[in-house]
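The values are calculated or read from the model by the stated rules, or taken from the named source; none is laboratory data. Treat the numbers as computed from the prediction; the structure is a model and nothing was measured. Glycine gets a Cβ as well: all are built from the backbone with ideal geometry, and neighbour counts include every protein chain shown. Just the protein is used for accessible areas: all its heavy atoms, side chains included, with ligands, DNA and RNA removed. Shrake-Rupley method; radii C 1.70, N 1.55, O 1.52, S 1.80 Å.
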Amino acid sequence: MEKHYADSQTKGVSTGTTILAVTFDGGVIIGSDSRASIGGEYVSSKTINKLIQLHDQIFCCIAGSLADAQAITKAAKFHLSFHSVQMENPPLVMAAASVLKELCYKNKEELQAGFITAGWDRKKGPQVYVVSLGGMLISQPFTIAGSGSTFIYGYTDAKYKPNMTREECQQFAINALTLAMGRDNVSGGVVHLVVITEKGVEHVVVPGDKLPKFHDE
Amino acid sequence: NMLEESGPEWLSEEVKTGTTIIAIEYNGGVVLGSDSRVSAGASVVNRVMNKLSPLHDKIYCALSGSAADAQTIAEIVNYQLDVHSAEIGEDPQVRSAATLVKNISYKYKEELSAHLIVAGWDRREGGQVFATLNGLLTRQPFAVGGSGSSYVYGFVDAEYRKGMTKEECQKFVVNTLTLAMSRDGSSGGVAYIVSIDEHSTEEKVILGNKLPTFYDQ
């Protein structure tokens with residue numbers, strides 16, 4: 001889902017990144033690091049927010065070319081707000097994911113961006129959807145993406161449990177992002193989390209000095 | 001046209017031990033582990049290869065990268081260590097074995113593409129693990145290598161603790177190998193474990209259906 005560009009001329013600013021979304025009992029947490037880099041050599045932003053709000057209780061996070069991702073999410077936000085006016089109801093998380101998927105699939109030749117969509121709706125509760133680079137859409141209980149995600153496949157496979165409590169899930173997400181940021185040089189900065197439940201949305205920011213420390217630190 | 005007939009792909013692809021290898025030291029010895037898959041392109045040409053190769057009675061190395069390069073280095077160092085230990089009249093140090101591997105890896109770094117992790121026990125320093133990637137020589141509490149290692153960096157960073165017992169180390173090695181084998185297409189098969197301490201060198205095989213299972217299995 002991610003493409004990390006070593007040549008900054010061809011693709012400009014890209015979010016070499018680590019993003020994830022995890023469902024828990026009663027909600028979903030979506031999280032990311034905060035680094036944007038040019039060519040993997042220069043950190044162009046230390047505190048970028050990669051968690052985009054598509055609707056009241058639906059967020060997505062972006063991986064790949066920042067420009068493409070911003071253009072797509074702008075179009076998706078418009079589609080979704082129009083859709084929810086027509087339906088007279090908040091949109092389903094699946095609807096948001098489908099909008100992103102349509103844009104990615106129809107324009108797959110020009111675009112280089114992938115998304116994780118997470119949110120809560122009345123029909124199915126907390127959900128996580130992945131839209132990959134070519135426009136595939138699937139639903140998963142949790143998912144990781146971005147260049148830093150390769151390093152935490154083992155960790156998340158081992159540690160994920162279905163129906164965690166909110167606190168367990170938050171710690172799982174923070175640990176996973178911290179471990180990825182520790183090994184991937186184009187992920188870093190602070191940890192941004194958004195916790196979405198039936199009641200609403202809460203932002204949690206964990207600055208670098210409050211991240212958990214592992215054995216070699 | 002005879003010139004165009006190339007035969008099955010695995011006859012012309014380079015044979016690699018795209019792999020997962022790990023070695024960890026504990027107070028009194030070391031544990032080494034590896035998967036057993038050897039691939040040539042997309043074909044698995046050997047599904048039961050033991051990538052833990054003895055360099056001496058209490059010193060083993062774990063092979064990764066090009067199968068031919070790795071095996072040749074191990075054979076040469078095995079010979080050199082025999083000569084060396086005859087010259088000094090006692091068992092060689094682990095550091096000596098690692099240095100011999102490093103010397104070959106560094107001198108021929110342009111021609112070779114193999115990474116060997118050297119681990120063993122000697123009277124002077126007890127259990128030791130050395131990494132020799134790209135021709136460096138560094139002693140570490142544990143080391144992972146091969147294509148599958150990327151996926152488990154997060155897991156080993158999170159789970160490693162100082163002062164583990166031999167049994168905890170063996171469990172750690174088996175869990176790490178299992179997680180990597182399930183995510184890396186170039187790792188798989190069975191798990192080979194070697195435990196070396198003052199009293200014995202023990203080789204073990206764990207078959208695929210006896211490996212631990214995690215959430216999605």
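Here are some notes:
- Surface accessible to a 1.4 Å probe, B:Tyr26 within the full protein complex, Å²: 20 Å²
- With every protein chain in place, chain A: carbon and sulfur % of accessible area (1.4 Å): 51 percent
- Taking a sphere under 15 Å around the Cβ of B:Lys102 and counting the other residues whose Cβ falls inside, with K and R at +1 and D and E at -1, yields a net charge of +3.
- For B:Val205, net neighbour charge (Lys/Arg +1, Asp/Glu -1) across residues whose Cβ lies under 15 Å away: +2
- Mean ellipticity per residue at 222 nm, deg cm²/dmol - from DSSP H runs of n ≥ 4 across chain B, formula -39500 (n - 2.57): -10000 deg cm²/dmol
- Of the trypsin sites (Lys or Arg not before Pro) in region A:164-207, those whose Cβ has at most 16 other Cβ within 10 Å and which sit in DSSP loop: A:Lys199
- Rounded to the nearest 10 square angstrom, A:Leu137 shows an accessible area of 50 square angstrom against a 1.4 Å probe.
- Within-11-Å neighbourhood charge of A:Gly125 [Cβ basis; K, R +1; D, E -1]: 0
- Cβ crowding within 10 Å averaged over residues, with A:206-215, B:125-134, B:54-63 ranked highest first: B:54-63, B:125-134, A:206-215
- Rounded to the nearest 20 debye, the dipole magnitude of region B:1-139 is 540 debye, with +1 charges on Lys and Arg beta carbons, -1 on Asp and Glu beta carbons, and the Cα centre as origin.
- Alpha-carbon centroid distance for the pair region B:90-114 / region B:164-213, whole angstrom: 25 Å
- Per residue, the average separation of C-alpha pairs within less than 8 Å and at least 6 apart gives region A:92-217 a relative contact order of 19 percent.
- Span from the region A:19-80 Cα centroid across to the region A:163-217 one, whole angstrom: 15 Å
- Measuring nothing but how far apart in sequence close Cα pairs (under 8 Å, 6+ apart) lie, relative to its length, chain B scores a relative contact order of 28 percent.
- Its relative contact order, with pairs defined as Cα atoms under 8 Å and 6+ residues apart, puts region A:12-202 at 34 percent.
- For region B:1-155, the carbon plus sulfur part of the accessible surface works out to 48%, probe radius 1.4 Å.
- For chain B, built as a Gaussian network whose Cα springs stay under 10 Å, the top-fluctuating residue of B:Ile21, B:Ile88, B:Ile76: B:Ile88
- With R₀ set to 41 Å, the beta-carbon distance separating B:Tyr79 from B:Glu202 gives a calculated FRET efficiency near 0.95.
- Per-residue ³J(HN,Hα) for region B:31-41, Karplus 6.51 cos²θ - 1.76 cosθ + 1.60, θ = phi - 60°, Hz, x for Gly and Pro: 10, 10, x, 8, 8, 9, 9, 10, 10, 10, x
- Remark on region B:148-188: accessible area falls by at least 20 square angstrom from chain-alone to full-complex state for B:Ser150, B:Tyr151, B:Tyr153, B:Gly154, B:Phe155, B:Asp157, B:Ala158, B:Glu159, B:Tyr160, B:Leu179, B:Arg183, probe 1.4 angstrom.
- Across region A:73-89, computed HN-Hα scalar couplings (Karplus, 6.51 cos²θ - 1.76 cosθ + 1.60, θ = phi - 60°) run 5, 4, 5, 5, 4, 5, 4, 5, 5, 5, 4, 6, 5, 4, 7, 6, 8 Hz from first to last residue, x flagging Gly and Pro.
- Leaving ligands and nucleic acids aside, the B/A contact buries around 1600 square angstrom of accessible area in total at a 1.4 Å probe radius.
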